[in-house]
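Trainee: Structure below; questions to follow.
The values are calculated or read from the model by the stated rules, or taken from the named source; none is laboratory data. Predicted model only: the values in this text are computed from it and were never measured. Note that we place each Cβ from the backbone using ideal geometry, even for glycine, and neighbour counts take in every protein chain shown.
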């Protein structure tokens with residue numbers, strides 16, 4: 001849960017429907033220092049934004065998602081985020097699957 005106070009949530013997006021690289025997940029490209037997401041602390045670059053306040057973003061272009069986020073009113077914002085696996089997590093998963 002983020003608390004929106006002002007123009008944005010403190011992160012930029014990349015990917016989305018019709019991106020230059022094809023349809024890609026909407027992911028966090030950058031977290032702005034001192035912004036809402038930075039202060040909250042749990043969101044990381046590469047995390048995928050699935051929905052905001054119950055509204056799915058998975059079929060939106062980056063611009064559509066950006067416009068949607070800009071129209072949010074100040075206050076609590078509920079995000080569903082798929083965390084990006086860290087390299088060490090991926091190595092651990094690979095090692096586990098090779099042992100099975």
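Trainee: Looking only at strands (runs of 3 or more DSSP E) that lie completely in region 1-85, which have at least 2 residues being touching a residue at least 12 places away in the same chain (Cβ under 8 Å) and within 14 Å of the chain's Cα centre (by Cα)?
Mentor: Values: elements: 2-4, 11-19, 22-31, 48-52, 75-77, 79-82.
Result: 11-19, 22-31, 48-52, 79-82.
Trainee: Taking the stated definitions as given, is residue 49 in contact with a helix residue (DSSP H, G or I) (Cβ under 6 Å, 6 or more places away or on another chain) and either surrounded by 10 or more Cβ atoms within 10 Å (Cβ to Cβ) or at pLDDT below 95 (or both)?
Mentor: Values: in contact with a helix residue (DSSP H, G or I) (Cβ under 6 Å, 6 or more places away or on another chain): no; either surrounded by 10 or more Cβ atoms within 10 Å (Cβ to Cβ) or at pLDDT below 95 (or both): yes.
Taking the combined requirement at face value, the residue does not satisfy it.
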